[in-house]
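Right, one structure below, let's go through it.
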Amino acid sequence: MTTTPTIARTRVAGVVLGAVLLALMVVFAVVLPRIDSGAEELSGADGVAALPDELPGGLRALDLGVEAPEGQDPAQAEELTQRQTELQESAGERLGEVFDAPAEVRIYADEALQRQAAVAVVGVPAGLFIPGALPVDPALLDLARSSTELERVGDAVCQLTYGQNVPAGQPVPEDDPAGVTCQLGAEGTTYWIQGGGITAEEAVAVLDDLAGSED
């Protein structure tokens, strides 16, 4: 049974997810082409399918509600839930305006709020994906691993973000990235995810599932 995140943990998550949504707007504004005719060519009332309540890996949409701990005012939980809904609706509306195409955005987290993700679907073909930094060979910077790496994972392209650079000559830790941003294009639609506490493979599995559900 899926439980509802508590209000205390959601306060912390709100800060993180707010930054995620800001990054979402920057990435889409830079890497996606503007296509004026895209909306008319897509099916469905809004052109893209509504994002699900839950994603693979136990991620649940925060707009479904958060739980106030015992002794705290339930109105605070309602306020936080409304805030998450406003953030994702605003992002979706802005993406739709910028690209003149249908767009959906939704914010997810697991019950402990240790694994979080913002997901966007926009009815335009996927464009160039270089979020944040050019993919320079780390050896040219005297590094064993850069703090960001660009990789292809399945049919998607992902940026992996680590806590810091690893200097040349030092062993590269076998750690998961602190954050991942992945983009997948399918059937004239762009699927995008940015999250923390998830691997690139898990992020791409979400995108593959979303793209497959709209075939």
message: Quick check: pseudo-label points 7 Å beyond the Cα along Cα→Cβ at E187 and L64, how many nm apart are they?
response: 2.4
statement: Of the convex hull drawn through the C-alpha atoms of region 117-173, the volume per residue in Å³ is 116
Inter-site label distance for D53 and A133 at 7 Å from Cα along Cβ, in nm: 4.1
field: Largest-first ordering by accessible area, 1.4 Å probe, given options T161, T190
entry: T161, T190
Nonlocal amide H pairs with L143, under 5 Å, H built at 1.01 Å: A168
Viscosity 0.692 mPa s, 37 °C: Kirkwood-radius Stokes-Einstein D of region 64-137 over Cα pairs, µm²/s: 220
Extended-chain gain in nm, criterion 0.36 nm per residue less alpha-carbon gap, A178 and E201: 6.9 nm
query: How many nm is it between the label spots at Q114 and R152, if each spot is 7 Å from the Cα in line with the beta carbon?
result: 3.4
- prompt: Using θ = phi - 60° and the Karplus curve 6.51 cos²θ - 1.76 cosθ + 1.60, what whole-Hz ³J(HN,Hα) does each residue of region 130-136 get, with Gly and Pro shown as x?
  reply: 9, x, x, 8, 5, x, 7
query: To the nearest 20 debye, what charge dipole does region 127-175 have about its Cα centre, counting +1 at the Cβ of each Lys and Arg and -1 at the Cβ of each Asp and Glu?
result: 100
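The values are calculated or read from the model by the stated rules, or taken from the named source; none is laboratory data. Nothing here was measured: the structure is a model prediction, and the numbers come from that model. Ideal geometry is used to build each Cβ from the backbone, glycine not excepted, and the neighbour counts take in all protein chains shown. Just the protein is used for accessible areas: all its heavy atoms, side chains included, with ligands, DNA and RNA removed. Shrake-Rupley method; radii C 1.70, N 1.55, O 1.52, S 1.80 Å.
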